[in-house]
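See structure below.
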Amino acid sequence: MSNKELLDKIMVEKADLDSKLGRLEKFIRSSKFYDLLLQHRHVLLEQYKAMGSYSVALLERIILVRQEMGVFGNEDNRPSEYVSSTEED
């Protein structure tokens with residue numbers, strides 16, 4: 001697998017995870033969350049923390065792969081666009 005393919009795969013995985021993380025956060029902030037048993041709420045909060053940590057780890061991997069490639073994202077870090085480190089502003 002090339003670095004470009006790896007980078008794309010990690011970015012898709014992170015986008016999917018962040019989407020799920022956002023939905024879980026929305027649920028945790030809702031009144032439905034507090035209708036659950038305390039044990040269920042605890043597990044969901046642990047899941048939320050783990051997903052957040054994994055999202056951070058994926059971001060670190062993205063940064064490392066980009067560094068290996070000599071490619072860096074644009075200012076808003078859209079996954080589909082790349083800016084070469086040799087390009088000047």
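The values are calculated or read from the model by the stated rules, or taken from the named source; none is laboratory data. Model, not experiment: these values are computed from the prediction. Every residue, glycine as well, gets a Cβ built from its backbone with ideal geometry; the counts of neighbours run over all protein chains shown. The area values use the complete protein model at the heavy-atom level, side chains included, leaving out ligands, DNA and RNA. Shrake-Rupley method; radii C 1.70, N 1.55, O 1.52, S 1.80 Å.
Anything in the stretch 14-37 that is more than 20 Å from the chain's Cα centre (by Cα) and in a helix (DSSP H, G or I)? List them, or say none.
Correct list: S31, K32, F33, Y34.
What are the residue pairs meeting all of these: first residue in the stretch 53-72, first residue open to solvent by 40 Å² or more (accessible area, probe 1.4 Å), second residue at pLDDT 95 or above and of a type in the set (K, R), Cβ atoms under 8 Å, and 6 or more apart or on different chains?
Listed by first residue and then by second, the contacts come to L59/K14.
Which numbered condition trips up A57, out of (1) hydrophobic (A, V, I, L, M, F, W, C); (2) farther than 13 Å from M11 by Cα; (3) in a helix (DSSP H, G or I)?
Every listed condition holds for A57 apart from (2).
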